[in-house]
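Before any comments, here is the structure.
The values are calculated or read from the model by the stated rules, or taken from the named source; none is laboratory data. The shown structure was predicted, so the numbers you read here are calculated from the model rather than taken from an experiment. Glycine gets a Cβ as well: all are built from the backbone with ideal geometry, and neighbour counts include every protein chain shown. Calculation scope for accessible area: heavy atoms of the full protein, side chains included, ligands and nucleic acids excluded. Shrake-Rupley method; radii C 1.70, N 1.55, O 1.52, S 1.80 Å.
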Amino acid sequence: MADARFEDAAEGALSLRAETPEDLGVIATLVQDAVLPITEIVWEAKARRLALLVNRFRWEDKARAEAEGRDYERVQSLLVISDVTRVASSGIDRADRDLVLSILDIAWDAGVDGAGQLVLTLAGDGAIAASAECLSVDLRDVTRPYRAVSGAAPVHPE
């Protein structure tokens, strides 16, 4: 049975793959300030995949929205980390099913022979670390963009 959340994705929706730290930097920028309920994180051990359904601000559209005088937008995107052998978290109450997380950054800590650890840094001193055999991350928009409820872009204190 199909999930209705994924049936409304727009043609030409964002779809990126990161296999190098430089590629990951692009994805990290696009998911900065993304929010997700803890219930939207799925670790599929047999498939060796960590999947997160995030609600992200459309950073790639911010300048155009400002120039056109229209509202900022958000979109739901699927962030998938492949070839994962282990997942660990810190600073997160995994028992709190109402917990909403905010992504601050994603970084790759290279190990030996292409393996390493992908670390998602979260607001509030939380983190999710995925040990992986190689760097392989996909980001794909799965819904049409919609008006950001606040009407404002996320702001970072200097």
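Points to keep in mind about this one:
- The listed peptides 24-32, 62-70, ordered by packing as a protection proxy, come out as 24-32, 62-70 (highest mean of other Cβ atoms within 10 Å first).
- Accessible area (Å², per residue) of region 36-144, counting only protein heavy atoms and a probe of 1.4 Å: 51
- Simple spin-label estimate for Ala115 and Ala153 gives 4.1 nm between the two label positions (7 Å along the Cα-to-Cβ direction from each Cα).
- Of the solvent-accessible surface of the chain, computed with a 1.4 Å probe and all protein chains present, 50% belongs to carbon and sulfur.
- In whole percents, the pair-distance distribution calculated for the chain from its alpha-carbon pairs, binned every 10 Å from zero, is 10, 39, 36, 13, 1.
- Helix 21-31 vs. the chain, principal-axis angle (Cα, 0 to 90°, nearest 10): 50
- Mean ellipticity per residue at 222 nm, deg cm²/dmol - from DSSP H runs of n ≥ 4 across the chain, formula -39500 (n - 2.57): -3000 deg cm²/dmol
- Net charge of Cβ neighbours under 15 Å - reference Thr85; Lys, Arg +1; Asp, Glu -1: -1
- The residues neighbouring Gly126, those whose beta-carbon lies less than 14 Å from its own, together hold a net charge of -3 under the Lys/Arg +1, Asp/Glu -1 convention.
- Prolate/oblate/rounded call for region 55-118, Cα gyration tensor, a/c under 1.5 rounded: oblate
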